[in-house]
Amino acid sequence: MKLRTTEFNPLTNKSKMIKLRLKRFGKKRETSFRLVASNSTSRRDGRPLQELGFYNPRTKETRLDTEALRVRLGQGAQPTDAVRTLLEKGGLLEKKIRPAEVIGKKKQEKERLEKKKNKNVSETSE
């Protein structure tokens, strides 16, 4: 079986990036997710290129096809943030701090300091 990371569209003369994402399934309020490889432009629950694992957030059960995931990651597939955390917990990816996390933490710290200042100013004025 030949796997490709990109599919070529001759009409637009462009290739599509492969994303590793979670595909929702199950009953209402009892959802589970399948970890799938799909085109970046396809719908969340659309037909995937390949199913790579399973995740149940209620029981925290995770099953990953490690060989297939390593192949897809080696081909350049990009995981979403939720999938990245699952892969980090599964030991397939190294945990690294993303720029968005750093910016978010700085922003939260700044907001905490401002709240503290406002609280101290309101207490001293009373």
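Values in this text are rule-based calculations from the coordinates and carry no lab data. The shown structure was predicted, so the numbers you read here are calculated from the model rather than taken from an experiment. Please note: Cβ atoms are built from the backbone with ideal geometry, for glycine as well, and neighbour counts cover all protein chains shown.
Quick notes
- Its DSSP H runs of at least 4 residues, each contributing -39,500 (n - 2.57), put the calculated 222 nm mean residue ellipticity of the chain at -12000 deg cm²/dmol, to the nearest 500.
- Listed pairs 16/96; 16/95; 19/105; 23/106; 60/95; 28/60 exceeding 24 Å between Cα atoms: 16/96; 16/95; 19/105; 23/106
- Helix 81-90 and the longest principal axis of the C-alpha atoms of the chain enclose an angle of approximately 80°.
- Between 0 and 90°, nearest 10: helix 99-125 axis offset from the chain longest Cα axis: 20
- Cα-Cα separations in the range 57-126 greater than 14 Å, expressed as whole percent: 73
- 22, 35 arranged by Cβ crowding within 10 Å, fewest neighbours leading: 22, 35
- Debye log10 I(q)/I(0) for the chain, one point scatterer per Cα, at q = 0.23 Å⁻¹: -1.32
- The charge dipole of the range 7-95, taken about the Cα centre with unit charges on the Cβ atoms of Lys, Arg (+1) and Asp, Glu (-1), comes to about 460 debye, rounded to the nearest 20.
- Straightening the chain between residue 61 and residue 119 buys 16.5 nm, computed as 0.36 nm per residue apart minus the Cα-Cα spacing.
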